[in-house]
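**Student:** Before anything else, here's the structure in question.
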Amino acid sequence: MPDIDKIAWIHLRDGAILSTRSHHRDAFYLPGGKREPGESDLDTLVREIREELTVAIDPSTAAPAGIFEAQAHAHPQGIRVRMTCYTATYSGTLTPAAEIAELAWLTYADRNRVSPVDKLIFDQLRDDGQLH
């Protein structure tokens with residue numbers, strides 16, 4: 001069982017993936033976060049994306065996009081994170097909010113700028129021809 005259980009949004013555009021960097025962090029992460037007690041995956045996805053990026057995820061369009069597990073970035077060795085990923089459409093304008101310092105559209109060339117679990121996701125998306 002992983003130590004950290006997170007839900008993430010995979011949003012691709014023109015071969016690039018939407019990523020976020022929190023204040024006081026050096027790596028980019030896929031938008032999303034930890035579930036609160038009693039929340040479903042979709043509840044967490046909708047809440048986290050609204051809090052971080054000020055947009056509304058359409059839950060009816062959410063589709064599973066994989067589960068990835070790796071060493072947790074910026075945590076002691078052996079602390080693992082599991083990232084359950086979804087794709088979904090949204091409405092609104094993407095705007096960094098809450099703990100998010102910036103958002104960026106990253107390509108596979110930016111793989112060294114992301115967390116270990118995101119590297120696995122980048123690899124899978126590149127292998128699937130979705131990330132350039």
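The values are calculated or read from the model by the stated rules, or taken from the named source; none is laboratory data. None of these values were measured; they are calculated from a predicted model. Heads up, the Cβs are rebuilt from the backbone with ideal geometry, glycines too, and the neighbour counts pull from every protein chain shown. In case anyone asks, the SASA skips ligands and DNA or RNA and just uses the protein heavy atoms, side chains included. Shrake-Rupley method; radii C 1.70, N 1.55, O 1.52, S 1.80 Å.
**Student:** Condition test on Ala74, is it open to solvent by 60 Å² or more (accessible area, probe 1.4 Å), small (Gly, Ala, Ser) and either more than 17 Å from Leu103 (Cβ to Cβ) or in a loop (DSSP other than H, G, I, E, B) (or both)? Please lay out each step first, then the result.
**Tutor:** Values: open to solvent by 60 Å² or more (accessible area, probe 1.4 Å): yes; small (Gly, Ala, Ser): yes; either more than 17 Å from Leu103 (Cβ to Cβ) or in a loop (DSSP other than H, G, I, E, B) (or both): yes.
Yes; evaluated as a whole, the condition is true for this residue.
**Student:** Sort out which residues of the range 48-61 are closer than 18 Å to Arg35 by Cβ and either open to solvent by 30 Å² or more (accessible area, probe 1.4 Å) or part of a strand (DSSP E or B) (or both), and write them in order of number.
**Tutor:** If the condition is that a residue be closer than 18 Å to Arg35 by Cβ and either open to solvent by 30 Å² or more (accessible area, probe 1.4 Å) or part of a strand (DSSP E or B) (or both), then Arg50, Glu51, Ile57, Pro59 are the ones that fit.
**Student:** If a residue has to be of a type in the set (Val, Ile, Thr) and closer than 20 Å to Phe122 by Cβ to count, how many in the range 29-83 make the cut? Working first, answer last.
**Tutor:** Residues of the range 29-83 that are of a type in the set (Val, Ile, Thr), as a first pass: 44, 46, 49, 54-55, 57, 61, 67, 79, 81.
Then keep just the ones that are closer than 20 Å to Phe122 by Cβ; that gives 49, 67, 81.
Count: 3.
**Student:** Oh, and also: Could you pull out the residue among Arg80, Arg126 that is of a type in the set (Lys, Arg), more than 19 Å from Lys6 (Cβ to Cβ) and out of contact with any His (no Cβ under 6 Å at 6 or more places or on another chain)? Can you show your working first?
**Tutor:** Values: Arg80 fails: more than 19 Å from Lys6 (Cβ to Cβ).
When all the criteria are applied, what remains is Arg126.
**Student:** Just checking, does the range 49-58 include any residue being without any contact (Cβ under 8 Å) to a residue 40 or more places away in the chain and of a type in the set (Ser, Thr, Tyr)?
**Tutor:** Within the range 49-58 (the criterion being without any contact (Cβ under 8 Å) to a residue 40 or more places away in the chain and of a type in the set (Ser, Thr, Tyr)), the answer is no, since none of the residues qualifies.
Rundown of residues vs (1) of a type in the set (Gly, Ala, Ser); (2) assigned to a strand (DSSP E or B), yes/no style:
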position: Cys85; (1), (2): no, yes
position: Thr95; (1), (2): no, no
position: Ala98; (1), (2): yes, no
position: Ala101; (1), (2): yes, yes
position: Trp105; (1), (2): no, yes
position: Arg111; (1), (2): no, no
position: Phe122; (1), (2): no, no
position: Leu125; (1), (2): no, no
position: Gln130; (1), (2): no, no
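**Student:** Do you know which of the residues in the range 88-132 that are in contact (Cβ under 8 Å) with a residue 40 or more places away in the chain and small (Gly, Ala, Ser) is most open to solvent (accessible area, probe 1.4 Å)?
**Tutor:** Filtering the range 88-132 down to residues in contact (Cβ under 8 Å) with a residue 40 or more places away in the chain leaves 88, 90, 94-107, 110, 113-122, 124-125, 130-132.
Filter once more, so that each one left must be small (Gly, Ala, Ser): 88, 97-98, 101, 104, 115.
Values: Ala88: 12, Ala97: 24, Ala98: 71, Ala101: 37, Ala104: 20, Ser115: 2 Å².
The residue in question is Ala98.
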